[in-house]
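The values are calculated or read from the model by the stated rules, or taken from the named source; none is laboratory data. What you see is a predicted model; the values in this text were computed from it and never measured. Cβ coordinates were reconstructed from backbone atoms using ideal geometry, including for glycine residues, and neighbour counts include every protein chain displayed.
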Amino acid sequence: MTTPNQQRTPGWSPALVDRTARRTAQKEAGFLLPYLKPGMSVLDCGCGPGTITIGLAEAVAPGEVTGIDIGAQQIELARANAAQSGTANVRFQVADVLKLPFEDNSFDVVYANTLLMYFQDKQQPLKEMGRVLRPGGPIGIRDLADADATWPPDGPLEQAIALHLKAFIYRGQWDPSNGRGNRGHLLRAGFARCQASADCEASGTPELLALVADVWKMRVLASNLWVEQGWIDRPGQERLAQDIEEWSKRPDAFHSRLYCSAIGWKEG
Ligand SMILES: C[S@@+](CC[C@H](N)C(=O)[O-])C[C@H]1O[C@@H](n2cnc3c(N)ncnc32)[C@H](O)[C@@H]1O
């Protein structure tokens, strides 16, 4: 199966890689950290550049953490990040979350950050993640909820976000239950005692807003579909990218987005 994200993986811009590489276990897995103990084994599915995975490894040391990702480039980056951080109890391998190369009940904890939102059918990856989780162990998932708040309102970033969402809907790839449906997705996959929480990623400093602008300028300029469908013309696309750049430099600019998390436990 090809997910939208698989198609997107090779096209990651340096800005998006940079933004993703700033993720940490404290922030992106904070909802799961209270359940981690030294010595546990953890699987991080769709680990990307591995910065969260490395934080998870610190939390369970001397336990082993495995990060898998379908993108070979992501795994290379993750290995380089682990080497740079000197983390010894983490390993990375290329693998598909739909066909995990591990025995049943292999891990004490399974985790995925912003992976499930790329699957229309979330039950398939969840069942496979549940298969490799040991009975009684927790699974933690966290995804975007498609809820952005920006200042000023109706600015160029909101226009770009609206077009981005329109493209997802057009391609039949948007799932309104992303993130906010995570508790229900876990329940339907058979996990018990499911509970949900949320957190927010906020950009309100020149440095973070520059990263937001870089990511969105790339998205705007690379979106041929928007032009093909007549939603915007090429000069409009370039103007929008320029407007985002200027918006990001405003002393009052602000962007935030909601992420929803859920934890469930494998029966047994
Ligand atoms: C938005 S990124 C999140 C990366 C990482 N979890 C983080 O938050 O920093 C989603 C990741 O899922 C990976 N991915 C997409 N489809 C996958 C699949 N079928 N199996 C494993 N990984 C997959 C992508 O290659 C990408 O690195």
All positions within the stretch 30-71 that are of a type in the set (A, V, I, L, M) and near the ligand (Cβ under 9 Å from one of its atoms): 52, 68, 70
Please go through the stretch 99-123 and pick out each residue that is within 10 Å of the ligand (Cβ to nearest atom), buried (at least 16 other Cβ atoms within 10 Å of the Cβ) and more than 20 Å from residue 180 (Cβ to Cβ). 100
Flag for residue 175 being closer than 28 Å to residue 126 by Cα and touching a Phe, Trp or Tyr at 6+ places or on another chain (Cβ under 7 Å): no
Within the stretch 167-268, helices (runs of 4 or more DSSP H) holding 1 or more residues that are under 15 Å from residue 147 (Cα atoms) and in contact with a Pro (Cβ under 6 Å, 6 or more places away or on another chain): none
Residue 144: in a strand (DSSP E or B) and either among the hydrophobic types (A, V, I, L, M, F, W, C) or away from the ligand (no atom under 16 Å from the Cβ) (or both), yes or no? yes
Every residue in the stretch 232-257 that is buried (at least 18 other Cβ atoms within 10 Å of the Cβ) and polar (S, T, N, Q), please. 237, 248
Do we have residue 76 as without any contact (Cβ under 8 Å) to a residue 24 or more places away in the chain, more than 21 Å from residue 29 (Cα to Cα) and surrounded by fewer than 20 Cβ atoms within 10 Å (Cβ to Cβ) here? yes
Unmet criterion (only one of (1) modelled with pLDDT of 95 or more; (2) closer than 30 Å to residue 106 by Cβ) for residue 268: (1)
Reported set for the stretch 134-144 where residues are in contact with a Leu (Cβ under 8 Å, 6 or more places away or on another chain) and farther than 17 Å from residue 33 by Cβ is 143, 144
